[in-house]
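As structure tokens, the structure follows; a few thoughts come after it.
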Protein chains: 2
Amino acid sequence: MFKKILNSFKYNQIFERKMSSVNAQTLETLSDIAHRLRIHSIEATSASNSGHPSSCSSIAEIMSVLFFNQMKYDVQEPRHRANDRLILSKGHAAPVLYAAWAEAGAFPVSELKNLRKLDNPLEGHPTPKLNFVDVATGSLGQGLSCAAGMAYAGKYFDKADYRVYCICGDGESAEGSIWEAFAFASHYKLDNLVNIIDVNRLGQSEATMYQHDMDVYQKKVEAFGWHAIVVDGHNIEQVIKALDTASQVKGKPCCIIAKTYKGKFFPEIEDHQSWHGKPLGKQTQEVVEAIRKMIKSPTTKLGHELLPIKAPTAVVQPTNLANIKLATPPSYKLGDQVATRLAYGTGLTKLGQANPHVVALDGDVKNSTYSIKFKEAFPDRFVECFIAEQNLAGVSIGVACRDRTVAFASTFAAFWSRAFDQIRMGAISQTNANFSGSHVGCSIGEDGASQMALEDLAMFRSVAGSTVFYPSDAVSTERAIELAANTKGICYIRTSRPNTSVIYENNEVFEIGKAKVVLKSDSDYATIVSGGVTLHEAIKAANLLKQQGKSIRIIDLFTVKPVDWQTILENVKQTGNRIVTVEDHYAEGGIGETVAAALLTNAPGQSFNFRKLYVKSIPISGQPQELLERFEIDSNAIIKAVQSF
Amino acid sequence: MFKKILNSFKYNQIFERKMSSVNAQTLETLSDIAHRLRIHSIEATSASNSGHPSSCSSIAEIMSVLFFNQMKYDVQEPRHRANDRLILSKGHAAPVLYAAWAEAGAFPVSELKNLRKLDNPLEGHPTPKLNFVDVATGSLGQGLSCAAGMAYAGKYFDKADYRVYCICGDGESAEGSIWEAFAFASHYKLDNLVNIIDVNRLGQSEATMYQHDMDVYQKKVEAFGWHAIVVDGHNIEQVIKALDTASQVKGKPCCIIAKTYKGKFFPEIEDHQSWHGKPLGKQTQEVVEAIRKMIKSPTTKLGHELLPIKAPTAVVQPTNLANIKLATPPSYKLGDQVATRLAYGTGLTKLGQANPHVVALDGDVKNSTYSIKFKEAFPDRFVECFIAEQNLAGVSIGVACRDRTVAFASTFAAFWSRAFDQIRMGAISQTNANFSGSHVGCSIGEDGASQMALEDLAMFRSVAGSTVFYPSDAVSTERAIELAANTKGICYIRTSRPNTSVIYENNEVFEIGKAKVVLKSDSDYATIVSGGVTLHEAIKAANLLKQQGKSIRIIDLFTVKPVDWQTILENVKQTGNRIVTVEDHYAEGGIGETVAAALLTNAPGQSFNFRKLYVKSIPISGQPQELLERFEIDSNAIIKAVQSF
């Protein structure tokens, strides 16, 4: 351990003369502030009778140095585009983050005692309800991807020299998503990014895998292409020197691996296993007193009154992300055979033409999702994230932060299931990142079940505040993209692999929550509600039924969430209350359930004849049309359902 | 690169004398077989006009060596418990896996040309419909976790010396889940595990991050605590030596990092970017001819006729996993205050007492999910997977393979969203692994939204063939565990954080798909359908409504999937067709939608008055009861809903 520190110090000497000169007085003040952060964390969690004071204490010195010696930021405008950024990935240490902002003057210190109280934004884990939080944390292992996205935006889109800091726990370093982010950040040489690993040795229920073996962390971090510096995380001088060094390292991101102790300076609690996530209760006063005694210069002044906060110096252009329109309208002929995934690539490129802040992200399937078209047009605004969907989602959320970009991330829809937690947290983060998933359902054909998204509607619908587009042709796909670009919250665009007919005129107007009646007569026997490939099966069914003298009405949902139950209800009433939903998706959380619940809730006392067609078991390999037939979501199945009424 | 190979060879010399002697003739035969595997892969994908022949070719030599020189297995009984195991994590190379089994004599070579055809089990990606496949692959980065689970079972549960092999692609090594598995396997010293990384340089849409920089792979693998051996993956002798070495390394798993070429030996295709996932079409004949010429000793004999396959030697005891019962029945008093998460720990421990093959797995929250009770009782059957939920899921699936164990994995329900893809693939893998998620919904209180599972019912319901338990008290929780242990497919048990009353007698009998009417009178005005914490709110509401002279019926779903619509429908009809669902979950994919869709589908022409109560927006921090009230899923909200009819 000591050898490692010496090693890094040797390296530091190269930069010695460039370092900020920190005198003994400053070191003492930073140490005093660290202790105050400890006390605030203890008192806040004791007041709320819940929380993680011991996890706060291990990073008290790191926070003190970041806020009062290193970071450049405007306290009055924490989301100013020129500010340095900080993500507390170990979100359970929220109280020490709040304490630091209070000491920085963002809000009164007295407010800290309202931690975790109903309607107080100082929640158990950080969320962007607080203007100094960019992304919500609390599900571990996600912060570094978001930080890497912000650093990527800084270096390559904003071309500005604000810096991005991230603090991870050692326990959370077991999350693979962290290593996806490590690989990404070094691949793109994000030398504006610093990750600090708080190696406090203890997890929630037992010691971490590596405890205080700093060597393992260093080897891992270096193997992943980062510059690693091991420090004693409670030694303010070492932390400062490491961060100074980090600011000088070029061509690679820097990771500070801080050896710390959980509950540092808490008598009889420090480094003890049983103190994860526990307020100090009866021991509060005693521990606070012990720490208070360590403060060299007691004062009523706040941190920012003792040490000036550095103002931001980065020059960052403002962005205008409002009202982005396709550069040119869709240009197809009715009946053209175009896969919606291809239209996604076309539409996204048009969006990129219209606004320089539209960016696209990929997980090494760009030639399948057709986001490659965007890359070809705008290589500088395309981020290849390789086969690492969790990081792909996190980076997307990161680049979209502080309205730096309008981000569209795409991969096979099935593989977004890999990033469900990131997307769930994205909703809490109030992200506007957009996600597109291609290759949905059994209509992809021969590749088999592993590649078929049959749960993606369930997943994206369950994301709080999301909008779920399921366009059925090329025209509506392009419009879905346009709408997504201008819609708050997470948008999901579901695209299909097979070619399907263009069914809308190029000037058709689409709205979120407005379904389209694509086939209608005065004597329709039943209403079919669908989207995507199965909508075209419904049209086929209608043509066949017509030959038998039976007409049906067809509704294209366009958005599955929100679902346009008014249009559905109105039409269903006109067709003898007979309704069939059909979808290339499992039943659970899909179109049928959505529509059923909407009808039942919104039409009390009304009765229906309802049939759901969906994929009833795990599909197999086969040709697309064979599979639609086998899994009974093709035109024949629709005809049978209609005839069964 | 060459230096690396020399290094590893130097290391190999230590074991030189222990190595299998491989003569020149054998090397030549293995090479010939490799070429035949190539040809089979090309011809099969050309016949199906889809697939990934170039990805097969890069591992042809590796497969030849594994099947005809290294692995010990019974071709006639590929899932024999004593066999060595192989997981092809890069599942898109399925044709070469099928070809190897055909050459081993498992089925006729002629069958290979039915690849990807409807109803042929030789699907686009491997699934356990084939008796030589243990887990489905195709969503990348998952195989190593499953392999690690199998190796863990071999070393610690079976205490047998079968070996487990895994083949990953280089592209998929970007997936964080792989690094979770690397960390896990070295932490548990799985020296019966070999991972082979096929570094063929090319991803789907561009070159991989590290291309042929073998050094980076070696550093990463070593940093994660494995023994790394870099080889030329097309050099049979090197591959053999590396695998021989691997079999001798003790105390750590071994990773063979194979430098290979995509489309190796395909003229004008080898190492070219544009050939991912493409059958060779018109070039088929020409390429096959070129490869055929490389075969030194053409023959009609199969691989296993040329080189004897090694028989398994491991001594593995059979398991009996049938009809596992709680060692002792639940023992609570009506009205006891017990959290269902606590009952989970209690019940699981009783199950462990009843059967020695019940095992539990955790993601460092065992003191919150109470799986710690199982660990205290059976430390040797408890697998701590630390904070790495993807690997936790994969290892669970791995240890449950070939009926070696009955696995119960638990973490916070919110964090299972991290492993959605693994669980989705688990369903395709026909796993019987069981998952439990605690801390669901806003009733967890102060920790805030990041820790609250509000999408878990949507997620687990959407998993093909799953059973979703949502027990409402301690008795039913214990019975849910017992039922899960004996139920095929993925079972999910949703538990809650707060204490709730025991409402069932200890001898109450529970069945999957059978709801319980917990409150009933002849004059009930409406039916409330719920589960978990909100069921108790319904009971509270009933007591309050009774004071107003109104009685309501209450149904406890017990399983949300399958949902007992018959019981619900019958009772709803008896209560004026008035129904309220209430759940600590978002609307989408939850109880309300489930019930609505079931009623609408199964009661044509019947009308209802239906109210859904659910969490309508992202919750905040606060006390559990405050939050139930704020998000309108408490007794007051239920009363209001009933009064609104």
>> Whole angstrom only: what separates the Cα centroid of the range B:528-570 from the Cα centroid of the range A:292-342?
In response: 46
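Can you give the calculated 222 nm mean residue ellipticity of the protein assembly as shown, where each DSSP H run of n ≥ 4 adds -39,500 (n - 2.57) and the sum is split over every residue, rounded to the nearest 500 deg cm²/dmol?
Numbers: 46 runs with 468 residues, N = 1290.
Per the formula, -10500 deg cm²/dmol.
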>> Just to compare against my own numbers: the Cα pair-distance distribution for chain A, 10 Å bins, whole % per bin, please.
In response: 3, 16, 24, 21, 15, 11, 7, 2, 0, 0
> Which pairs, out of A:Lys219/B:Lys241; A:Lys117/B:Lys616; B:Lys72/B:Lys373, put more than 29 Å between their alpha-carbon atoms?
Replying inline: B:Lys72/B:Lys373
> Taking a label point 7 Å from Cα toward Cβ, how far is A:Asn320 from its twins in the other copies, in nm, shortest first?
Replying inline: 7.8
> R0 = 45 Å: FRET efficiency of B:Glu286 with A:Gln337, Cβ-based, nearest 0.05?
Replying inline: 0.90
>> Within 10 Å of each Cβ in B:387-400, how many Cβ atoms from other chains are there, averaged over the peptide?
In response: 3
> Taking the highest mean first, how do the peptides A:374-381, B:477-484 order by number of other beta carbon atoms within 10 angstrom per residue?
Replying inline: B:477-484, A:374-381
> Using the alpha-carbon atoms, what tilt in degrees (0 to 90, nearest 10) does helix B:176-187 show relative to the longest principal axis of chain B?
Replying inline: 80
>> Nearest the rotation axis from A to B, which residue of chain A has its beta carbon, and at what whole-angstrom distance?
In response: A:Gly176, 1
> Hey, got the Cα dimensions of the protein assembly as shown along the principal axes, in Å, largest first?
Replying inline: 88, 84, 70
> If you take the alpha carbon radius of gyration of the range A:398-516 and divide it by 2.2 N^0.38 Å, what ratio comes out, to two decimals?
Replying inline: 1.06
> Most exposed first by the Cβ proxy, i.e. fewest other Cβ within 10 Å, how do A:Trp101, A:Trp416 rank?
Replying inline: A:Trp101, A:Trp416
>> I'd like the FRET efficiency for A:Asp213 and B:Asn114, computed as 1/(1 + (r/R0)^6) with the beta carbon distance as r and R0 of 60 Å, rounded to 0.05.
In response: 0.70
> For labels at B:Lys129 and B:Lys616 in the simple 7 Å Cα→Cβ model, what's the distance in nm?
Replying inline: 4.6
> In whole angstrom, how far apart do the alpha carbon centroids of the range B:76-118 and the range B:408-428 sit?
Replying inline: 27
>> Pairs of alpha-carbon atoms within less than 8 angstrom and 6+ residues apart define the contacts here; what relative contact order does the range A:231-341 have, in percent?
In response: 14
> Across the residues of B:419-426, average count of Cβ atoms on other protein chains within 10 Å?
Replying inline: 6
>> To make sure I understand, if each residue's beta carbon is the centre and we count other beta carbons within 10 Å, what order do A:Glu43, B:Glu305 fall in, fewest to most?
In response: B:Glu305, A:Glu43
> What spacing in nm lies between the two simple spin-label points modelled at A:Ser523 and B:Gln643, each 7 Å away from Cα in the Cβ direction?
Replying inline: 5.2
>> Starting from the 7 Å offset along Cα-to-Cβ, what nm value, one decimal, do you get for the label separation of A:Asp403 and B:Asn23?
In response: 7.9
> Rounded to the nearest 5, what % of the DSSP beta bridges within chain A are antiparallel ones?
Replying inline: 15
> If we sort B:142-150, B:312-320 on the protection proxy, mean other Cβ atoms within 10 Å, highest first, what's the order?
Replying inline: B:142-150, B:312-320
> Rounded to the nearest 0.05, what FRET efficiency do A:Lys189 and A:Lys72 have when you use their Cβ-Cβ distance and R0 = 30 Å?
Replying inline: 0.90
> Mind checking the angle between helix A:214-223 and chain A's longest principal axis? C-alpha axes, 0 to 90 degrees, to the nearest 10.
Replying inline: 50
> Which aspartates and glutamates, on any chain, are close to A:Lys282 with Cα under 17 Å apart, when same-chain ones fewer than 8 places away are left out?
Replying inline: A:Glu43, A:Glu268, A:Glu270
> Given the protein assembly as shown, what percent of its DSSP beta bridges are antiparallel, to the nearest 5?
Replying inline: 15
>> Tell me the angle of helix B:389-400 to the major Cα principal axis of chain B, expressed in degrees between 0 and 90 and rounded to the nearest ten.
In response: 80
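Work out the mean other chain Cβ neighbour count within 10 Å for the residues of A:607-613 and drop it here as an integer.
For this peptide, the per-residue mean of nearby foreign Cβ atoms is 5.
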> What would the Debye formula give as log10 I(q)/I(0) at q = 0.13, 0.14, 0.19, 0.23 Å⁻¹ for the alpha-carbon point model of the range A:43-127, no solvent?
Replying inline: -0.39, -0.45, -0.85, -1.22
>> If neighbour count is taken as other Cβ atoms inside 10 Å, put A:Leu535, A:Leu628 in order from fewest to most.
In response: A:Leu628, A:Leu535
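Every number here is computed from the coordinates shown, using simple stated rules; none is lab data. Worth saying up front: this structure is predicted, and the values here are computed from it rather than measured. All Cβ positions, glycine included, derive from the backbone under ideal geometry; neighbour counts span all protein chains shown.
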